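I have placed the structure first, in the form of structure tokens, so that the comments after it can refer back to it.
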Amino acid sequence: MGTGTELKDKRKYEQGDDIRLVDWNVYARTDKLHIKRFEEEKNLTTHIIIDYSKSMNFGKKHTKFDYGSMIGIGFAYLALKNNDRFEFSTFSDDLNLVKARRGVKQLASIVDYFNKLKIKGSSKFEENMTQYRKSIKSKSMVVIISDFLFDIDEIKNGIYNFKNHDLKVIQVLDKEEKDLNIEGDVKLKDSESDTVLRTYVSKKLRLEYLEELDDHSAEIQELVQSMGGKFYTATTHDDIFDVFHHLFA
């Protein structure tokens, strides 16, 4: 079978599994597909997927991308501690895949990759997540890090690709986005389209914005939790350890 490892148990067949590993004896008895599970497969791969679209290039203390990258590195470190593999990917209007790896040297190469990465484009979330799902061959931990400031239906359709996995979804916002402590005449720039809008931010408009943002985040949280996953909204001012405490508490 190409595993070279000891057979341990079986699990239900999932789309994309190697058909050569189907236990046909079990199928003959139960009429259900099961996969032979080897010791190597018991070590989960952690898939870390980070948004690098232009909207992530915003922040006072840290940019959202820098902060999200630190969270991603934290997950990779935890995978190393468990002797598990990790795989980093970044997405905007395209998807960049990095092969699953083990070892501290590989973690250092990921840090170097982030330092050289150029923020660009806008998020094609659903398209990229659907594409990424095809690269996952067995049950894994999937970590998605983004500001999620785009269409809720696209978010839902994208996240739903990972319904059969251990899912961690982290929304990263700058404190200024989260609180919107501005009023009066302002210029607002869309970082992904570079469009500049001059407007007047009243107290009422600010409250409406905050309510819509809370509702948007709540919808994502509800979906993730319905799939058995964990969701957390962090700001770039938050302690990184608080994020992990919430996700693993």
Item to complete: Quick one: what are the phi-derived ³J(HN,Hα) couplings along segment 104-109, Karplus 6.51/-1.76/1.60 with θ = phi - 60°, whole Hz, x for glycine and proline?
Response: 5, 4, 5, 5, 5, 5
Discussion item. Could you tell me the relative contact order of segment 55-125? Use alpha-carbon pairs under 8 Å, at least six residues apart, and round to a whole percent.
Written reply: 29
Worksheet item: Residues with amide H under 5 Å of L173's amide H, sequence separation 5 or more or different chain, H placed in the peptide plane at 1.01 Å from N; which?
Response: A234, T235, T236
Practice prompt. Could you line up H237, H245, H34, H47 from fewest to most neighbouring Cβ atoms inside 10 Å?
Written response: H245, H237, H34, H47
Item to complete: May I ask you to list the trypsin sites (Lys or Arg not before Pro) in segment 83-183 that are in a DSSP loop and have at most 15 other Cβ atoms within 10 Å of their Cβ?
Response: K99, R102, K118, K120, K134, K137, K163
Worksheet entry | Which of I73, I170 has the fewest Cβ neighbours within 10 Å, and the rest in rising order | I73, I170
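Taken together, the values in this text are just the output of simple stated rules run on the coordinates, not laboratory data. Being a predicted model, the structure only gives us computed values, none of them experimental. Note that each Cβ is placed from the backbone with ideal geometry, even for glycine, and that neighbours are counted across all protein chains shown.
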